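Here is the structure we will look at, set down as structure tokens.
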Amino acid sequence: MQRFWNRLVHGPDSFEGIVGPHVDHLYRLAWRLSGSSADAEDLVQDLLVKLYPRSAEIRGLDAPRPWLARALYRLYIDRWRRAGRSPLVEAAPDEDGEDVIDSSADAGPGPEALAGQAQEQDRLAAAVDDLNPDQRALVILHDVEGYTLTELETVLETPVGTLKSRLHRARTNLRQRLLREAPVEPSGDEGRVSLQR
Amino acid sequence: MHCSDVQRDIDEFLDGTLEETRQAEVRKHLESCDSCRQTLEGTRQLRSALREIPAPAPRRGFLRKALRQARRAHRQPRGAGAPGWFAAGFGSAAAAGLVAWLVLAPVGPGQGPGPTPATDRLPTVELAPGRTESVRLAFDAPERLEGARLTMRLPENFELASHPGRRELTWTTELEAGRNLLELPVRALAGGDGELVAEIAHGDTVQRLSIRLRAAGPAAFLAPNPVPAA
């Protein structure tokens, strides 16, 4: 109803008409990044205030969603920095360097299999939260929110090759965390366990 | 193509962003490699599971409040009082973008619609047939009103550009305390004039605001190809 109101009240080419349809998504992303409803609201509110003068620019975008996500992410990072914390961990060369993917890293039960054993979204969410901040942000944006690596090259201002390596490393870490907390022993058939509810 | 190549490209393969030839190479490799097929399926399942992690929706009213706040933060300081033409009463304001006010004064329960001003005193918006113009209505609410029911009725030969063919729309919404601006994208389909009626019902109170829409030009029906005003 609110979207209807916004589009009707302010017109489809207004700031409300252009950005309004994305606000729910931006809020969800802000909540996933910040971990709190209050912080998510603050982030989105600040973002909208900053974006308001840029209505025309946003209207001209072919794909406003990744652009908006990038703006939100930058704001999130800036807030953390101002607060004296850094959500970004300087990646060690062996963590985020190019071409570190090797098949041995995937040996043993995969994170997907372990997640399948868990069958609990809260365990999976906790494991994601336990990742270092840059890996966590990437997993949230790519695996949870569904941005493609191509889109994330813009959102995170990081080359696709680096993102691939980081994502691979994040999943390895995810696997380790799920393994540490796995309630049952792997059955040997984990790769075929459906994670669909 | 080696297994390590497939594993490197697996997310782009699932994203569908690999270039066509590379996508075909990965697909071909998967046809003959059990290990990579298993990795692919596992990755697909993990992504699916992660995508199902729930996130709360924003609380009710947040969207509208946040958008309103953004607009307010950049609003130019206004002069005191309402625009002169309004302060002087509902005269004719022959310009698109005319703003008509309706003050939702608290009234007693059961009170019917307020009197509609005489037709010759209605604020008037001139429209060019075939063009969409913004007609702005402002509702001043004494307090936040939840569950207000808004109805817009347009005269014959006019429609809301966002809802082609519709001349009447009703929806339930919230009005914030203070000014609520309603911008209607109105299109004249033919020459002529008529009365636009905005009705707000809240509880037992119903109030109406009317404005005159006037479209100069030919009386012929313009759809589907709008004709500029003569």
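Here are the numbers:
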quantity	calculated
Some residue of segment A:177-195 being in a helix (DSSP H, G or I), at pLDDT 85 or above, under 25 Å from A:G35 (Cα atoms) and open to solvent by 10 Å² or more (accessible area, probe 1.4 Å)	yes
Residues satisfying the stated conditions in segment A:35-57, i.e. hydrophobic (A, V, I, L, M, F, W, C) and within 12 Å of another protein chain (Cβ to nearest Cβ)	A:A38, A:A40, A:L43, A:V44, A:L47, A:L48, A:V49, A:L51
Residue list for segment A:152-164, restricted to those being assigned to a helix (DSSP H, G or I) and either crowded, with 21+ Cβ neighbours inside 10 Å or under 12 Å from the mean Cα position of the chain (by Cα) (or both)	A:L152, A:V155, A:L163, A:K164
Answer from B:A57, B:A24, B:A66, B:A49 - the residue that is small (G, A, S), over 24 Å from A:R166 (Cα atoms) and buried (at least 17 other Cβ atoms within 10 Å of the Cβ)	B:A66
Positions within segment B:37-56 being touching a residue at least 12 places away in the same chain (Cβ under 8 Å) and more than 7 Å from chain A (Cβ to nearest Cβ), in sequence order	B:L40, B:R44
Residue count for segment B:122-135, restricted to those that are in a strand (DSSP E or B), within 14 Å of chain A (Cβ to nearest Cβ) and surrounded by fewer than 20 Cβ atoms within 10 Å (Cβ to Cβ)	2
Search result, residues across segment A:120-146 that are assigned to a loop (DSSP other than H, G, I, E, B) and facing chain B (nearest Cβ under 9 Å)	A:E145, A:G146
In segment A:24-34, residue most open to solvent (accessible area, probe 1.4 Å) [restricted to those that are facing another protein chain (nearest Cβ under 10 Å) and of a type in the set (A, V, I, L, M, F, W, C)]	A:W31
Checking B:M152 against (1) aliphatic (A, V, I, L, M); (2) open to solvent by 50 Å² or more (accessible area, probe 1.4 Å); (3) over 13 Å from the mean Cα position of the chain (by Cα), the condition it does not meet	(2)
Any hit, segment B:197-204, residues being in contact (Cβ under 8 Å) with a residue 40 or more places away in the chain, open to solvent by less than 40 Å² (accessible area, probe 1.4 Å) and either aromatic (F, W, Y) or within 16 Å of B:A215 (Cβ to Cβ) (or both)	no
One residue from B:F62, B:F13 being under 30 Å from B:A148 (Cα atoms) and not β-branched (V, I, T)	B:F62
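The values are calculated or read from the model by the stated rules, or taken from the named source; none is laboratory data. None of these values were measured; they are calculated from a predicted model. For neighbour counting, all protein chains shown are included, and Cβ atoms are generated from backbone atoms with ideal geometry for every residue, glycine included. Note: areas computed on protein heavy atoms with side chains; ligands, DNA, RNA excluded. Shrake-Rupley method; radii C 1.70, N 1.55, O 1.52, S 1.80 Å.
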